[in-house]
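Enquirer: Handing you this structure, nothing more for now.
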Amino acid sequence: MNENTKRRDVGDLLLERGVLTHNQLELAKRRQARLNIPQHRAIVDLNYASEEETYRALAELTGREFIPAEELKPDKSVLKEIPLKLVLHYRFVPVAQQAGQVTLAFGNLPNVNDQGNLRLMLGKRIKLAITTPSGIHAFIKKNYGLGADTVQQLREGQGFRNITQEKVFDIKLPEETSAVEASISNFVDQVLLEALRLDATDVHLEPYANTIRLRYRIDGVLQDVPVPSDLRQLYESIVSRIKIMAGLNIAERRIPHDGRIAMKTGDEEYSLRVSIIPTKFGEAVCLRILGRQSLFLDMGQIGMEPDQQAILESLTKLPQGMVLITGPTGSGKTTTLYAALANANDAGRKIITIENPIEYQLDGVSQIQTNEEIGLTFSSGLRSVLRHDPDVILIGEIRDLETAEIAIRAAQTGHLVFSTLHANDSVSAVARLIEMKIEPFLIGSSLVCSIAQRLARRICRNCMTEDTEFPLELREEMAETLSIPLEEARAWTGTGCLECNNNGFRGRTALFEFFLMNDYIADTLAPGIKTVQLRNIASRFGWHSLRVEGWKKVHNGLISVAEHERITHKISAMYLDSAQQRYSHSDSASSDFAEIPNTVNAQE
């Protein structure tokens, strides 16, 4: 390997092979620098290349053998000689051993000290190989299951605990139960660390008669995680451990509990919102992971089309006005708002946010968390914020008339206001404000832009293949929408592999719908104006619906047709007509359908 090869990074090699574009490499480098992570991990996190492509390149640059995930099938005799706690701690697969040497496959190569420790503990020479992290995860899950070390420690009566995270809290355990408590704590730590590794947003623990169920919400969908059945008898201890961490009453098991846990792993701080409810077989636990800095994306990484990104960047430079983002819970509104704030953040502007909760921490931004118990609401806090001479204000959510009025007044008096609002799409945000009794002329003079957002699961790059079952009517719609020949209307889907846990999806991207206010639209606003009228007017000025924007991502191979339909499909008027005919024999049913406006269109 020559000197030029040694100096290249994984991204440079993938760029030469045409896997990455120059823009994608630049975004990966920015993520690498911001989170202080290896470049190959930044590339995989952003789903710019498959794990196999990326880690093959890493193996080539480091001169190591690459072992595909499907070839990680070591002999049982090799597994018996390697202690389980070493496999779980160092995250490797013992592939083979021969003549006093053992081959270990890593997703992330250990440092020199760890290599020395492994040689001493195994008593053998070590040959390092590289595989994909998902391959290692699948191997461990298949052969051991999450929490296997906890069961092993309890069976052996040992108190060994290897904590890989520094906690904000400090719990003192009774000496007489230190071994059991340490093992329970180790299991809880392991569950949380695994959730972070998989970029899960929620952790669910549910008890049943003879088992417990552990699930992570990844990319918006719950996924089961296998755990040893022996953990059922320890479930109450696991819940008690979580309650102790959250400062809750461990003796009370009859009522729901809510709390918070402040945690730290490495250099990253995050918090858990804890919800515990009583069920027939015990208490069910839900943990929402908040404050993940690694989930924060800058402007170029949130999934906007180039023209949309240019508009949002322009909006962040405005001296005053209001920008609203709409969408259901979990659609990524907060991430988009923070990306916009980060772009607006410079030394010449004072930025203040009022949120519940504070999900990301931004340097140079004053952030306030609401507390309704002491009277610190969005509206009361916003009044104080306006007296603090801000240039840019972020309001977590406009929930009531009072907050809306203060936000609009701020937008008209020299402040740039960002906020979220519950509405179905970007145009409906205007109708929602009018319904809240905001005067139309105030909306027209203060609202600059309304953005609707949805999150769609991205097709896994490793198992992506052309969708041969693309329905003709949808193909025709796509061709007409994008003004392309029918033969160019193609789509892709994921078949499922180890990298995506056989789901066919890996990561998510966002769909955006921009509604820009102008003088003509502002003049048409009036009480009782219909959303359909606003859409028709906005379409004359370049407004595109979420469905149209979704077809662009289908054509670019980012999302599948099924995912596009899941997010943007609406019941057509034809279906309502047929349903009304089917139930016409029932007077009550027909009267119900008679009240349904027959104006819903799948194209909207």
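The values are calculated or read from the model by the stated rules, or taken from the named source; none is laboratory data. Nothing here was measured: the structure is a model prediction, and the numbers come from that model. Positions of Cβ are generated from backbone atoms using ideal geometry, with glycine treated the same way; all protein chains shown enter the neighbour counts. These area figures cover heavy atoms from the full protein model, side chains too; ligands, DNA and RNA do not enter into them. Shrake-Rupley method; radii C 1.70, N 1.55, O 1.52, S 1.80 Å.
Enquirer: Using only the Cα atoms of segment 213-302, what semi-axes does the equivalent ellipsoid have when each is the square root of 5 times a gyration tensor eigenvalue? Give whole Å, largest first.
Expert: Ellipsoid semi-axes (Å, largest first): 27, 17, 12.
Enquirer: Could you pull out every residue, at least 5 positions away or on a different chain, whose amide H is within less than 5 Å of the one on residue 449? Hs are placed 1.01 Å off N in the peptide plane, and Pro or chain starts have none.
Expert: 322, 324, 517
Enquirer: Every cysteine in the chain with no other Cys Cβ under 4.7 Å from its Cβ, please list them in numeric order.
Expert: 286, 449
Enquirer: So what's Rg/Rh here for segment 337-418, counting alpha carbon atoms and using the Kirkwood radius for Rh?
Expert: 0.93
Enquirer: Now for a different question. Please report, as a whole percent, how much of the solvent-accessible surface of the chain comes from carbon and sulfur atoms (probe radius 1.4 Å).
Expert: Of all accessible area on the chain, carbon and sulfur atoms account for 48 percent.
Enquirer: Further question on the same structure: Non-local amide H neighbours of residue 397 (under 5 Å, H modeled in plane, Pro and chain starts lacking H): which ones?
Expert: Those qualifying (amide H under 5 Å, at least 5 residues apart or on another chain) are 420.
Enquirer: Taking all pairs of distinct Cα atoms, average 1/r, flip it, and tell me the Kirkwood hydrodynamic radius of the chain in Å to one decimal place.
Expert: After inverting the mean inverse Cα-Cα distance, the result is 27.2 Å.
Enquirer: Sorted by average packing, counted as other Cβ atoms within 10 angstrom per residue and highest first, what order do 51-57, 226-232 take?
Expert: 51-57, 226-232
Enquirer: A follow-up question, please. Under 12 Å Cα to Cα from residue 243, which aspartates and glutamates show up? Leave out anything in the same chain fewer than 8 places away.
Expert: Correct list for residue 243: 252, 258, 283.
Enquirer: Please compute the Kirkwood hydrodynamic radius of segment 398-475 from all pairs of different C-alpha atoms, in Å with one decimal.
Expert: About 15.5 Å for segment 398-475.
Enquirer: Calculate how steeply helix 22-35 sits against the longest principal axis of the alpha-carbon atoms of the chain, using the helix alpha-carbon long axis, and give the answer as 0 to 90 degrees to the nearest 10.
Expert: Roughly 70 degrees, rounded to the nearest 10.
Enquirer: Next question. How big is the charge dipole of the chain about its Cα centre, in debye rounded to the nearest 20, if each Lys and Arg gets +1 on its Cβ and each Asp and Glu gets -1 on its Cβ?
Expert: Result for the chain is approximately 1600 debye, rounded to the nearest 20.
Enquirer: Provide the descending list of Cα extents for segment 1-121 along its principal axes, expressed in whole angstroms.
Expert: Per principal axis, max minus min of the Cα coordinates gives 47, 29, 26 Å.
Enquirer: Going Cα to Cα from residue 127, which lysines come in below 21 Å? Please leave out same-chain ones fewer than 8 positions away.
Expert: The qualifying lysines are 6, 73, 76, 80, 85.
Enquirer: With just the Cα atoms defining each centre, how far is segment 518-567 from segment 432-501? Give it in Å.
Expert: Taking the Cα centre of segment 432-501 as reference, the centre of segment 518-567 is 10 Å away.
Enquirer: Which peptide among 367-378, 448-459, 349-360, 502-513 comes first, and what is the full order, when sorted by highest mean count of other Cβ atoms within 10 Å?
Expert: The peptides rank, most packed first, as 448-459, 502-513, 349-360, 367-378.
Enquirer: What are the residues whose amide H is under 5 Å from the amide H of residue 369, where those residues sit 5 or more places off or on another chain and H is modelled from the backbone?
Expert: Amide H neighbours of residue 369: 355.
Enquirer: Next question, about the same structure. If you project the alpha carbons of segment 495-556 onto their three principal axes, what span does each projection cover, largest first, in Å?
Expert: 55, 22, 15
Enquirer: So which aspartates and glutamates pass the test for residue 264, namely a Cα distance under 13 Å, with those fewer than 8 places away in the same chain ruled out?
Expert: 166, 170, 189
Enquirer: Determine the equivalent ellipsoid of segment 269-366 by diagonalising the alpha-carbon gyration tensor, then write out the semi-axes as square roots of 5 times the eigenvalues, largest first, rounded to whole Å.
Expert: 32, 16, 12
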